Amino acid sequence: LVCLNMKSSASTMEKRALFPLPKVFEEKTGRMNSDIFKHIDFYLNDRMGFRERLIQLYSYLKYGLLHKVGNDRAIFGKKEWLFYIQKSDGDNLSDFLKSNLADEQTVIKFANQIKNRAQWCEKNHIAFLFFIAPNKHNIYPEYYPIERPSGITRTDQFLNYLDKHNIAYLFPRDVLISQKNSNAVLYEETGSHWNLLGAYHAFGLLSAELHKKYPKTKFPDIEYKVHTQTVSGGSDIAPLLGLESFGKNTIVHFTPKGKNWTDLFTYIKNEGPRGVLTKGPNPSLPTAVIFRDSFFEVMVPFTSTLFSQADYRWKMFDEADKPSILANKPDIIIWEVCERYMHLVPISEWTN
């Protein structure tokens, strides 16, 4: 009780909000809170002294002595790799097990959503590109604690239909699988995302597609110095298991040869989920609006070199974006979706 945490509103380790101070009376009705004792329980449980240290101790004992494989948010893989599996956030475990296959109606809805956006962009003289960021377990299934079943994935279902109806997309899964065999680690060992090297190889595929779309445009040809280091401590998955300092991560640094990053582009706005806007020195390069999620975060330095201006929006490309797009008329729209969120595309809001 002496060390009760009364100041914090969220746990950085558990990545969730802590239960707030209970109120004796309900705000809307003014009546006494009938759940006051239950809420006091929640409040004390969330804020007890040394809670996070005790969770870490419990997690290390569970892993080291009992060899438990994780919890409902993350699991331990082989060679101290970790994998994200939270059911309410993409349900990667079902995707690994291939138990989340879509029915034909959902596959058709998915394809129509991509096709309709592409047609709308074409009608308004804007290029369009759909880009899928692969799940970590699709590139490194060998580090999962169990064997992966044979057969197609849900993503294969969606993309097979796109292929059949000549709807363009980019999916760097095969590129990344081929590159990992060069002994280069492309994803965070204890995180859910690709590292800068994995992002760079995905960027290569995107860059090649832009060269095809704009054959007369002279895009910058940049060489990079690449430096790799291994650091101890967990990334975004480790804290979900109560193990902030668990394992290691391969960190990759890219430095433009003979230049500074500021020679290649500058940030007009850099607020992460609240938006990023970059400006390049060459006005002859195309302008872009890029709808994306967290996977695109480390691609921003690379892709920003290809555009005279790039507007990054951390959201799905939906109906509400039409007015701002028509007002600013970018040359191209890129819609990136992480593979685990593919099921959200068929239900995303769009009206022809």
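The values are calculated or read from the model by the stated rules, or taken from the named source; none is laboratory data. Not measured: the values here are computed from a predicted model. Positions of Cβ are generated from backbone atoms using ideal geometry, with glycine treated the same way; all protein chains shown enter the neighbour counts. Only protein heavy atoms, including side chains, enter the accessible area calculation; ligands, DNA and RNA are left aside. Shrake-Rupley method; radii C 1.70, N 1.55, O 1.52, S 1.80 Å.
Select, from 118, 168, 184, 199, the only residue that is in contact with a Phe, Trp or Tyr (Cβ under 8 Å, 6 or more places away or on another chain) and modelled with pLDDT under 95.
Values: 118 fails: modelled with pLDDT under 95; 184 fails: in contact with a Phe, Trp or Tyr (Cβ under 8 Å, 6 or more places away or on another chain); 199 fails: modelled with pLDDT under 95.
Result: 168 is the single residue among 118, 168, 184, 199 that is in contact with a Phe, Trp or Tyr (Cβ under 8 Å, 6 or more places away or on another chain) and modelled with pLDDT under 95.
On the given criteria, is residue 207 touching a Phe, Trp or Tyr at 6+ places or on another chain (Cβ under 9 Å), over 23 Å from residue 90 (Cβ atoms) and of a type in the set (S, T, N, Q)?
Considered against the rule, which asks whether it is touching a Phe, Trp or Tyr at 6+ places or on another chain (Cβ under 9 Å), over 23 Å from residue 90 (Cβ atoms) and of a type in the set (S, T, N, Q), residue 207 comes out as yes.
Being modelled with pLDDT under 95, farther than 30 Å from residue 58 by Cα and open to solvent by less than 30 Å² (accessible area, probe 1.4 Å): is that true of residue 272 here?
yes
Collect the residues in the stretch 99-132 that are within 20 Å of the chain's Cα centre (by Cα) and within 22 Å of residue 150 (Cα to Cα), keeping them in residue-number order.
Just the residues of the stretch 99-132 that are within 20 Å of the chain's Cα centre (by Cα), to begin with: 100, 110, 114, 129-132.
The answer is 100, 132.
Failed condition for residue 81, given (1) modelled with pLDDT under 75; (2) within 19 Å of residue 189 (Cβ to Cβ), with all others met?
Result: residue 81 passes all but (1).
Being under 18 Å from the mean Cα position of the chain (by Cα), more than 16 Å from residue 252 (Cβ to Cβ) and either open to solvent by less than 30 Å² (accessible area, probe 1.4 Å) or without any contact (Cβ under 8 Å) to a residue 60 or more places away in the chain (or both): is that true of residue 178 here? Walk me through it before giving the result.
Details: under 18 Å from the mean Cα position of the chain (by Cα): no; more than 16 Å from residue 252 (Cβ to Cβ): yes; either open to solvent by less than 30 Å² (accessible area, probe 1.4 Å) or without any contact (Cβ under 8 Å) to a residue 60 or more places away in the chain (or both): yes.
It is false that residue 178 is under 18 Å from the mean Cα position of the chain (by Cα), more than 16 Å from residue 252 (Cβ to Cβ) and either open to solvent by less than 30 Å² (accessible area, probe 1.4 Å) or without any contact (Cβ under 8 Å) to a residue 60 or more places away in the chain (or both).
If a residue must be in a helix (DSSP H, G or I) and surrounded by fewer than 12 Cβ atoms within 10 Å (Cβ to Cβ), how many such residues does the stretch 325-346 contain?
3
What number of residues in the stretch 183-197 are in a loop (DSSP other than H, G, I, E, B) and either at negative phi or buried (at least 24 other Cβ atoms within 10 Å of the Cβ) (or both)?
Within the stretch 183-197, residues that are in a loop (DSSP other than H, G, I, E, B) and either at negative phi or buried (at least 24 other Cβ atoms within 10 Å of the Cβ) (or both) number 10.
Considering the stretch 202-223 alone, what residues qualify as being more than 16 Å from the chain's Cα centre (by Cα) and open to solvent by less than 70 Å² (accessible area, probe 1.4 Å)?
Passing the criteria: 204, 205, 206, 207, 208, 209, 210, 214, 217, 219, 220, 222.
Restricting to the stretch 100-143, count the residues that are assigned to a strand (DSSP E or B) and of a type in the set (A, V, I, L, M).
4
When you scan the stretch 77-98, how many residues do you find that are over 14 Å from residue 340 (Cβ atoms) and surrounded by fewer than 17 Cβ atoms within 10 Å (Cβ to Cβ)?
3
List every residue pair whose Cβ atoms sit under 6 Å apart, with the two residues 6 or more apart in sequence or on different chains, where the first one lies in the stretch 315-327 and is without any contact (Cβ under 8 Å) to a residue 40 or more places away in the chain and the second, anywhere, is open to solvent by 70 Å² or more (accessible area, probe 1.4 Å).
Close Cβ pairs satisfying both conditions: 318/349; 319/349; 319/351.
Could you pull out the residue among 159, 176 that is in contact with a His (Cβ under 8 Å, 6 or more places away or on another chain) and of a type in the set (A, V, I, L, M)?
Criteria check complete, one pass: 176.
Given the criteria open to solvent by less than 10 Å² (accessible area, probe 1.4 Å) and modelled with pLDDT under 95, does residue 306 qualify?
Criteria not met by residue 306.
Being open to solvent by 50 Å² or more (accessible area, probe 1.4 Å) and in contact (Cβ under 8 Å) with a residue 40 or more places away in the chain is the filter here, so list the residues in the stretch 161-175 that pass it.
Those that are open to solvent by 50 Å² or more (accessible area, probe 1.4 Å) and in contact (Cβ under 8 Å) with a residue 40 or more places away in the chain: 161, 165, 168, 169.
If residue 62 satisfies every condition in (1) modelled with pLDDT under 90; (2) surrounded by 17 or more Cβ atoms within 10 Å (Cβ to Cβ); (3) more than 30 Å from residue 188 (Cα to Cα) but one, which is the exception?
All conditions pass for residue 62, except number (3).
From the list 292, 274, which residue is without any contact (Cβ under 8 Å) to a residue 60 or more places away in the chain and closer than 30 Å to residue 76 by Cβ?
292
Within the set of pairs 6+ apart or on separate chains, which have a first residue in the stretch 190-201 that is over 10 Å from residue 299 (Cβ atoms) and without any contact (Cβ under 8 Å) to a residue 40 or more places away in the chain, a second that is part of a helix (DSSP H, G or I) and open to solvent by less than 40 Å² (accessible area, probe 1.4 Å), and C-beta atoms under 7 Å apart?
201/176
Please determine, by comparing only the residues of the stretch 1-51 that are outside any loop (DSSP other than H, G, I, E, B), open to solvent by 100 Å² or more (accessible area, probe 1.4 Å) and not aromatic (Phe, Trp, Tyr), which one is modelled with the highest pLDDT.
Here is the first cut: in the stretch 1-51, the residues outside any loop (DSSP other than H, G, I, E, B) are 10-11, 16-17, 25, 32, 36-47, 51.
Next, only the ones that are open to solvent by 100 Å² or more (accessible area, probe 1.4 Å) stay: 25, 32, 37-38.
Checking which are not aromatic (Phe, Trp, Tyr) leaves us with 32, 38.
Values: 32: 84, 38: 88.
Out of the qualifying residues, it is 38.
Looking at the stretch 229-244, which of the residues that are in contact (Cβ under 8 Å) with a residue 40 or more places away in the chain and open to solvent by 40 Å² or more (accessible area, probe 1.4 Å) is nearest to residue 136 (Cα to Cα)?
If we take residues in the stretch 229-244 being in contact (Cβ under 8 Å) with a residue 40 or more places away in the chain and open to solvent by 40 Å² or more (accessible area, probe 1.4 Å), then 236 is nearest to residue 136 (Cα to Cα).
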